[in-house]
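Just so it is clear, none of the values below were taken in a lab; they were calculated from the coordinates. As the structure is a prediction and not an experimental result, all values here were calculated from the model. Cβ: placed from backbone, ideal geometry, glycine included. Neighbour counts: every protein chain shown.
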Amino acid sequence: MTSAYDLAGAFDAAGLLAPDYGGLCLDGVLPAAAAAVGSQDEHHEAARVRLGVPRASRVCVVLVDGLGHAMLSERRGHAPFLRGRLDDARVLTAGFPSTTATSMGLFGTGCAAGRTGLVGYSVRNPDTGGLANLVAWEGAGPAESWQREPSLFAQLAASGVEVTSVGPGRFAGSGLTEAALRGARFVAAEPLADRVDATLHELTAPGLVYLYWGEVDKVGHHEGWQSRAWADELTAADRELARLARSVPRDTLILITADHGMVDVDRRALVDVATTPALAAGVEVVAGEPRATHVHTRPGAGPEVVDRWRTTLGGAAVVATRDEAIASGWFGPVAEHVRPMIGDLVVAATGVAGIVDSRTQTPRSIALRGMHGSFTPGEMQVPLVVVA
């Protein structure tokens, strides 16, 4: 039996922010866009009203990977186009974990990870017992079997709306694309300028166009979002977004958002399960990522592992059992087939700390400067910029 632990108190004391599922949340962006171009679904219309999205014959939804609201606000001097619209922007939450695979499922289906099964960067596959990488889509099997919720793109396309997705060619037909964004016609383009050109071409006809840009996140991971390199990448993205806004046809609505934010971690605050006996004992496999960790324990070892992890990590993390995390709504409603994908322990890092496992994670991934996945406002809050 675990010792007394005030999960809600630890969460609040660390200044963490819970997802606002069904409220001001990333899950409402595509439903709002669908209503803007004519969807009659009452849930879509409710999202449109909630997020303050006007109607239009054409909608372009831009997702800038890793562009958290706090990051953009602090470095707004490097983004004159977005800066001019930031004061009127909505501040949305991502879901948990605040990471790409989870957020793409939330964005693409309107459902949290408890329904999509996209519960982290890596997940233990209940069928094989091994780790599945949900970004590279390795070890997860067919996307339609893993992620069973209908995509919003497919629903909109079935209603007769032209839906186009513009992104790098390697994403066409990829596992994550099929899991979260299936149903759109895919247009491949590489540099951001080419993606903007392709988007403008697609917007010559009514419909919805989705544009993805990932370099802001990539630079943030390797250099940190407070670096000069990150500011330069933000400026480059802002410049192309301004060109997009100048060039779209009349009656076009642009929605600019992100999938998560980021924190620059302190490598001295990373705790390695492999070299920490109190954390390694009784543990079968560690999944997830350093800021949001799923710990799968050996049979019967769960209560002891919970106590040791809470004692060892102290204020560096909030540690919940699976049942506590589900009851707290971290993953939204949880389907039965998703439940075993969630760790026996779910660990959310606080501050600039993280939990790694050098037995399964590469030195390169452990050495990343910028990370995300947890509940800090810097990771959870994303902007929604509406350009009408």
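Exposure proxy shown here: for V53, V59, the number of other Cβ atoms within 10 Å sets the order, fewest to most, as V53, V59.
With the helix formula -39500 (n - 2.57) applied to DSSP H stretches of n ≥ 4, the chain reaches a computed 222 nm mean residue ellipticity of -9500 deg cm²/dmol. Here the 3J(HN,Hα) profile of the range 170-178, calculated from phi with Karplus coefficients 6.51, -1.76 and 1.60 at θ = phi - 60°, is 5, 7, 5, x, 5, x, 5, 4, 5 Hz, Gly and Pro shown as x. Computed from backbone phi, the HN-Hα couplings of the range 253-258 come to 9, 10, 10, 10, 9, 8 Hz, rounded to whole numbers (Karplus: 6.51 cos²θ - 1.76 cosθ + 1.60, θ = phi - 60°; Gly and Pro given as x).
Look at H222, H69, H78, H294 and count the other Cβ atoms within 10 Å of each Cβ; fewest to most, that gives H222, H78, H69, H294. For the range 9-74, the spread of Cα coordinates along the three principal axes comes to 45, 26, 16 Å, biggest extent given first.
Placing +1 on the Cβ of every Lys and Arg and -1 on the Cβ of every Asp and Glu, with nothing else charged, gives the range 214-340 a dipole about its Cα centre of roughly 80 debye. Remark: the range 65-180 carries a charge dipole of roughly 320 debye about the Cα centre, counting +1 on each Lys and Arg Cβ and -1 on each Asp and Glu Cβ. Each Lys and Arg adds +1 at its Cβ and each Asp and Glu adds -1 at its Cβ; summed about the Cα centre, the chain shows a dipole of about 500 debye. Per the Kirkwood formula applied to alpha carbons, the range 152-249 shows a radius of gyration over Rh ratio, Rg over Rh, of 1.02. Restricting the range 220-306 to trypsin sites (Lys or Arg not before Pro) that sit in a DSSP loop and have at most 10 other Cβ atoms within 10 Å of their own Cβ leaves R250.
Selection among A8, M262, W213 by position relative to the dipole of the chain gives W213 as farthest towards the positive end (Cβ unit charges, Cα centre).
Under 5 Å from the amide H of R90 lie the amide H atoms of L384, V386, each residue being 5 or more positions distant or on a separate chain, with H modelled from the backbone and absent for Pro and chain starts.
With N the number of residues in the range 129-174, Rg(Cα) / (2.2 N^0.38 Å) evaluates to 1.42.
The phi-based Karplus calculation (6.51 cos²θ - 1.76 cosθ + 1.60; θ = phi - 60°) puts the 3J(HN,Hα) values of the range 244-249 at 4, 5, 6, 10, 5, x Hz, whole numbers, x for Gly and Pro. Compactness of the range 133-209 was expressed as the Cα radius of gyration divided by 2.2 N^0.38 Å, which yields 1.17. Taking the DSSP bridge list for the chain and keeping only pairs wholly inside it, about 55 percent are antiparallel. Once backbone amide H atoms are built at 1.01 Å from N, V187 has S165, V166, G167 as its partners under 5 Å, excluding neighbours fewer than 5 places away on the same chain. In plain terms, if you count all Cα to Cα distances in the chain and split them into 10 Å steps from zero, the share in each step is 5, 25, 34, 23, 10, 2, 0 percent. Amide H contacts of G130 (H built 1.01 Å from N, in plane; Pro and chain starts excluded): N125 sit under 5 Å, all sequence-distant by 5 or more or on other chains. When each of the peptides 31-40, 351-360, 198-207 is scored by how many other beta carbons lie within 10 Å of its residues on average, the order from highest to lowest is 31-40, 351-360, 198-207.
In whole angstrom, the range 93-185 maps to an equivalent ellipsoid with semi-axes of 22, 14, 12, each derived as √(5λ) from the alpha carbon gyration tensor and ordered largest first.
Suppose we look only past 25 Å in the calculated P(r) of the range 1-114. What percent of the Cα-Cα pairs does that tail hold? Counting pairs separated by more than 25 Å, the tail of P(r) holds 33 percent. The eigenvalues of the Cα gyration tensor, multiplied by 5 and square-rooted, give the range 290-373 an equivalent ellipsoid with semi-axes of 21, 15, 14 Å from largest to smallest.
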